[in-house]
């Protein structure tokens, strides 16, 4: 049997947050710092000039990360309300200057969201240039926090809260055309005022404050939202980072199956004390099948060519032949059917262990294994369901 061991688990968010000892997954107990480390959301900053496509890119990322909880926070929500004097001279006010934003409140918002707290984000009315006093947008803690705005990279304290920084590099003429259309349609302004504001404030502020922050970006996206290849690569990177749970970082030989809505839904059903025995077994079997199939994907394969019924040659892979399962009595037997369904004619051995050991430290009580097990890849079957409902544990 190979000395290299990979532990594979299908896990939901609740289990990962509470996995802190050898009794749950059979792993060594992490240090106090590792075990108590809170789950941190992934914070993405998206910057770029006015109308560079920041909101569109953010929405594309959110759409592709549909299996995760994602919230979008816009820097525009944190514009300072204008004083009566500033309101009277609004055409001389520079909305693209760093002082136009309440950066302290923006910082407080991201810090609280990152620590797992919800936040009431202000709502800014661009027509009256003021905040709504009786309305807020409730933003809850999530797996991913996206912060977008022209100056989100300007303050070092805000930058330091980000795990990834994206800068959208869009042609100036394209941005101007988009801004004209947006401000006329959405903000009720005429074309002359838009062009005057752009020449007097927007363009100089971009050169002085926005463009210099481009150097802080981890990824620069040319053409903005039209660069689908760059966005797809960014989403793949985010998914990889989200899949690296705390335990996976501590134990490099541990693999956790990504907790998608299907898996979370099945966890919800088998944890529900109202779930019938029949449904509990059905959805447990579905989860077990997913774990087995995922585990088989970690085994070595060899390339193989076959001829299809149409006479063409298809280059695929051949399954690993030297394979067996070992079931831990009694719980592991619940995984045997799934393994047999995936691997026709597979040999399965059994072991009985006493998890805490006897007085002499002996843990292995019984074994019946294939004689050539040392030459095989072994799938060790040991299901564990963490739940507060004792009757559901006994059903399995």
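For the range 214-309, the equivalent ellipsoid derived from the alpha-carbon gyration tensor has semi-axes of 34, 24, 16 Å in decreasing order.
Here the simple spin-label model places points 7 Å from the Cα toward Cβ, and for residue 92 and residue 258 these points are separated by 5.5 nm.
Can you sort 186, 148 so the residue with the fewest Cβ neighbours within 10 Å comes first?
Values: 186 10, 148 21.
Ordered by Cβ neighbours within 10 Å, fewest first: 186, 148.
Our estimate of slack between residue 299 and residue 344, defined as 0.36 nm per intervening residue step minus the Cα-Cα distance, is 14.6 nm.
To the nearest 0.05, how large is the calculated FRET efficiency for residue 374 and residue 107 if R₀ is 51 Å and r is the Cβ-Cβ distance? Given R0 = 51 Å and the Cβ-Cβ separation, E is 0.30. The residue 56 and residue 207 beta-carbon pair, evaluated with R₀ = 25 Å, returns a calculated FRET efficiency of approximately 0.60. Taking all Cα pairs closer than 8 Å and separated by 6 or more residues, the relative contact order of the range 189-341 comes to 12 percent.
If the chain linking residue 286 and residue 315 were pulled fully straight, counting 0.36 nm for each residue of separation and taking away their Cα-Cα distance, it would gain 7.4 nm.
Relative intensity of the range 160-213 on a log10 scale, I(q)/I(0) at q = 0.23, 0.30, 0.31 Å⁻¹, equals -0.94, -1.20, -1.23, per a Debye sum over C-alpha point scatterers of equal strength in the absence of solvent. I need to check one value: relative contact order of the range 42-240, counting alpha carbon pairs closer than 8 Å and at least 6 residues apart, in percent. That works out to 36 percent.
Given a Förster radius of 35 Å and the C-beta distance between residue 277 and residue 69 as r, what FRET efficiency does 1/(1 + (r/R0)^6) yield to the nearest 0.05? Don't skip to the answer; put the middle values down first.
Numbers: r = 32 Å, r/R0 = 0.91.
My answer for the efficiency is 0.65.
Under 25 °C and 0.890 mPa s, how fast does the range 42-240 diffuse according to Stokes-Einstein, given a Kirkwood radius computed over C-alpha pairs? Answer in µm²/s, whole number. It comes out at roughly 141 µm²/s. Spin-label model, residue 195/residue 120: points 7 Å from Cα along the beta carbon direction are separated by 4.4 nm.
Taking other Cβ within 10 Å of each residue's Cβ, how do 278, 97 sort, fewest first?
On the way: 278 9, 97 14.
So the residues, fewest neighbours to most, are 278, 97.
Using a simple spin-label model with pseudo-atoms 7 Å out from Cα toward Cβ, residue 232 and residue 181 lie 2.5 nm apart. So what's the gap between the Cα centers of the range 256-301 and the range 36-114, to the nearest angstrom? Here the two parts' Cα centres lie 38 Å apart. Shown for the range 105-156 is the translational diffusion coefficient from the Stokes-Einstein equation, using the Kirkwood radius over Cα pairs, a temperature of 20 °C and a viscosity of 1.002 mPa s: 173 µm²/s. Each Cα pair under 8 Å and six or more residues apart adds its separation to the average, and for the range 288-382 the resulting relative contact order is 29 percent.
Determine, for 181, 203, 321, the number of other Cβ atoms within 10 Å of each Cβ, and report the residues in order from fewest to most. Could you put the intermediate results ahead of the total?
Working: 181 13, 203 17, 321 8.
Least crowded to most crowded, the residues run 321, 181, 203.
Only the coordinates and a few stated rules stand behind these numbers; no lab work does. Please read these numbers as outputs of a predicted model, since none were measured by experiment. So basically every Cβ, Gly included, is an ideal-geometry build from the backbone, and we count neighbours across all protein chains shown.
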